[in-house]
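The values are calculated or read from the model by the stated rules, or taken from the named source; none is laboratory data. Computed from a predicted structure; not experimentally measured. Note that we place each Cβ from the backbone using ideal geometry, even for glycine, and neighbour counts take in every protein chain shown. These area figures cover heavy atoms from the full protein model, side chains too; ligands, DNA and RNA do not enter into them. Shrake-Rupley method; radii C 1.70, N 1.55, O 1.52, S 1.80 Å.
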Amino acid sequence: MNEGSLRLISGVGKKGPACFLIEAEGKRLLLDLGEGPPPGCFPDVATLGRVDALVLSHGHKDHVGGLALLAQLGSPPVYVTEIVARGLPDGIAARELPVAGQAEVLGIAVTTGRNGHAPGGIWLHFATGGGLLYTGDYSAESILYAYDPPPLTAATALIDCSYGEYQKPLAQCWQNLAPFVERGPLLLPAPPNGRGPEIALELARHGVGNIFVDDATQKALWRLGDIDRVALRDGVGDEIERLAATVKPIDGARGVMIAGSADGASGATKKLLAEWEHAAEPAILLTGYVNPTTPAEWLVKSGRAQTMRWNVHPRLSDTVALVRSLQAKTVIPAFCDRSQLAALAAALAPARVTMAGPVEL
């Protein structure tokens, strides 16, 4: 008997804003409500009607950037961890979720765990329809952010597959980054609430002394060493506290500089990329997804910026291990192109792998 359904509003079949709808046990729970990529791209919620709650996985723009749409959905309460709630706009009716533990969302039991991707970020397991796991974005490799492997089974798994069948380990990312660091000066646009502090930690561990950061990254480091420490791997908090005290403000093109935003559309990099667009130095290296129609994309197309990947999403082997652990019968790969479907289906068999919704729970 069908106990409910999962509707794939946005975020499956191509890179786009995260937005999914659980309809189960008489409730309608929206999972994430993002903006982009590209900037200005929002989920189509015009015909969804009222939802009973919005549940947020973490605080990145492609998962929370669409909160202005809440009024169209009946202005529901927003379930979110305390760390992520601090970064939300004023006026949001936030209800706290644990970073790792048990809770209820309108009578549906929910288990959470840290996602290894961002401060306050969580995966969510809903006790409905044989179990539904939504990973949001996650990483099992981070040297900074803690990842709690889900201890439960789930018949249905909505999983971050941003990297598709990619398999290279995080250690290789440092091998690719090191030559840029040695040549210097180097600008690394990166999110302060994600990859930025992690790369700063990696640089420090390799003895890089001249690390310069923007104000947002500096504040993120201080928070991680203090009030956001629960998001970190064991034993890293003191290291981050020391790092926060030793990094320097960006002042000209020197050393290794880390600043947000990652795409240059806002924050310190909006000014820095414009200032250095036609300069010989510093080198500009993008380590994540290149957001279309942004300064980052323009600089890559002109040859002024280069790209490499710093792992912040699961490799194929991580996805396979998770699906086996969950004993999932149905897997929905999120945040990747439809062209990856055949390879993912082969790797994750005998689970049914689909990008077609709605999915029965």
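Between ALA109 and ASN210, how many nm apart are label points set 7 Å from Cα along the C-beta direction?
Inter-label distance under the simple model: 5.7 nm.
Using a Gaussian network model on the chain with a 10 Å cutoff between Cα atoms, which of HIS58, HIS278, HIS313 fluctuates the most?
Result: HIS278 has the largest fluctuation of those listed.
What distance in nm separates the simple spin-label points at THR307 and HIS278, each placed 7 Å from Cα in the Cβ direction?
Between THR307 and HIS278, the label points sit 2.6 nm apart.
Quick check: with the 1.4 Å probe, what order do ASP228, ASP62, ASP44 take by accessible area, largest first?
On the way: ASP228 5, ASP62 35, ASP44 110 Å².
Descending order: ASP44, ASP62, ASP228.
Lys/Arg Cβ at +1, Asp/Glu Cβ at -1, dipole of segment 58-190 taken about the Cα centre: which of PRO179, ILE108, PRO169 is farthest positive-ward?
So the residue furthest toward the plus end is PRO179.
With everything on Cα atoms, drop me the angle between helix 215-224 and the longest principal axis of the chain, reported from 0 to 90° to the nearest 10.
For helix 215-224, the angle is close to 60 degrees.
With n ≥ 4 as the cut-off for DSSP H runs, can you work out [θ] at 222 nm for the chain, using -39500 (n - 2.57) per run divided by the number of residues, rounded to the nearest 500?
Result for the chain: -7000 deg cm²/dmol, rounded to the nearest 500.
Expressed in whole Å with the largest first, what are the equivalent ellipsoid semi-axes of segment 128-270 derived from the C-alpha gyration tensor as the square root of 5 times each eigenvalue? Let's see the in-between values first.
Values: eigenvalues 181, 60, 45 Å².
So the equivalent ellipsoid measures 30, 17, 15 Å along its semi-axes.
Ordering ILE250, ILE83 by accessible area with a probe of 1.4 Å, largest first, what comes out? Numbers along the way, then the final one.
Values: ILE250 45, ILE83 20 Å².
Order by accessible area, largest first: ILE250, ILE83.
Can you tell which of LEU31, LEU133, LEU326 shows the greatest fluctuation in a Gaussian network model of the chain with Cα springs below 10 Å?
LEU326
Which ³J(HN,Hα) values in Hz, rounded to whole numbers, follow from the phi angles of segment 180-191 under the Karplus curve 6.51 cos²θ - 1.76 cosθ + 1.60, where θ = phi - 60° and Gly and Pro get x?
Whole-Hz 3J(HN,Hα) from phi for segment 180-191: 5, 5, 5, 6, x, x, 9, 10, 10, x, 7, x.
Charges only on Cβ, +1 for Lys and Arg, -1 for Asp and Glu: so what's the dipole of segment 98-215 about the Cα centre, in debye to the nearest 20?
160 debye
Please find, in a Gaussian network model of the chain (springs between Cα atoms separated by less than 10 Å), the residue of ASN311, ASN115, ASN176 whose mean-square fluctuation is greatest.
In the Gaussian network model the winner is ASN176.
Once you sort the root eigenvalues of the Cα gyration tensor of segment 9-124 as a ≥ b ≥ c, which label holds: rounded (a/c under 1.5), prolate (a/b larger than b/c) or oblate (the other case)?
It comes out rounded by the Cα gyration axes.
Among ILE22, CYS41, SER5, which residue has its Cα positioned farthest towards the positive end of the charge dipole of segment 1-53, with +1 placed on the Cβ of Lys and Arg, -1 on the Cβ of Asp and Glu, and the dipole taken about the Cα centre?
Among ILE22, CYS41, SER5, the one farthest towards the positive end of the dipole of segment 1-53 is CYS41.
How much area per residue is accessible in the chain when the probe is 1.4 Å and only protein heavy atoms are counted (Å²)? Provide the component values of the computation, followed by the final result.
Working: 14520 Å² over 361 residues.
Result: 40 Å² of accessible area for each residue.
Work out the length of the dipole vector of the chain about its Cα centre, built from +1 on the beta-carbon of each Lys and Arg and -1 on the beta-carbon of each Asp and Glu, and round it to the nearest 20 debye. Intermediate values should be presented prior to the final figure.
On the way: 31 positive and 37 negative charges, 108 e Å.
That gives the chain a dipole magnitude of about 520 debye.
Please find the FRET efficiency linking ALA346 to THR153, where r is the Cβ-Cβ separation and R0 is fixed at 22 Å, and quote it to the nearest 0.05. Write down the numbers at each step before the final one.
Working: r = 23 Å, r/R0 = 1.02.
That gives a FRET efficiency of 0.45.
Cα centroid distance between segment 269-346 and segment 143-207, in Å?
11 Å
Compute the distance in nm between two label points, each set 7 Å from the Cα along the Cα-to-Cβ direction, one at THR246 and one at ALA171.
About 2.3 nm, to one decimal.
Which one, PHE335, VAL320, THR294, is farthest towards the positive end of the dipole of segment 252-361 when Lys and Arg carry +1 and Asp and Glu -1 on their Cβ?
Farthest towards the positive end: VAL320.
Using amide H atoms built in the peptide plane, which far-off residues or other-chain residues are under 5 Å from TYR145 H to H?
Placed amide hydrogens put ARG233 under 5 Å from TYR145.
Probe radius 1.4 Å, ligands and nucleic acids ignored: give me the carbon and sulfur share of the accessible area of the chain as a rounded percent. Walk me through the intermediate numbers first.
Numbers: 7340 of 14520 Å².
Exposed carbon and sulfur together represent 51 percent of the surface.
At 0.36 nm per residue, and after removing the present C-alpha to C-alpha distance, how many nm does the segment from THR354 to LYS27 gain when stretched out fully?
The THR354-LYS27 span can extend by a further 115.3 nm.
Over the chain, calculate the relative contact order: mean separation of alpha carbon pairs under 8 Å at least 6 apart, over the residue count, as a percent. Don't skip to the end; give the middle numbers.
Details: 850 pairs, mean separation 70.9, N = 361.
Value for the chain: 20 percent.
Counting pairs of alpha carbon atoms under 8 Å apart in space and at least six apart in sequence, what relative contact order in percent does segment 1-145 give?
Value for segment 1-145: 16 percent.
Sort THR81, THR293, THR111 by heavy-atom solvent-accessible area, probe 1.4 angstrom, most to least.
Largest to smallest exposure gives the sequence THR293, THR111, THR81.
Beyond 31 Å between alpha-carbons counts as too far, so tell me which of LYS61/LYS168; LYS301/LYS329; LYS14/LYS248; LYS27/LYS168; LYS27/LYS270; LYS15/LYS301 fall in that bin. Numbers along the way, then the final one.
On the way: LYS61/LYS168 26 Å; LYS301/LYS329 42 Å; LYS14/LYS248 39 Å; LYS27/LYS168 40 Å; LYS27/LYS270 42 Å; LYS15/LYS301 19 Å.
From LYS61/LYS168; LYS301/LYS329; LYS14/LYS248; LYS27/LYS168; LYS27/LYS270; LYS15/LYS301, over 31 Å: LYS301/LYS329; LYS14/LYS248; LYS27/LYS168; LYS27/LYS270.
Quick one: what are the phi-derived ³J(HN,Hα) couplings along segment 336-345, Karplus 6.51/-1.76/1.60 with θ = phi - 60°, whole Hz, x for glycine and proline?
9, 6, 4, 5, 7, 4, 4, 5, 5, 4
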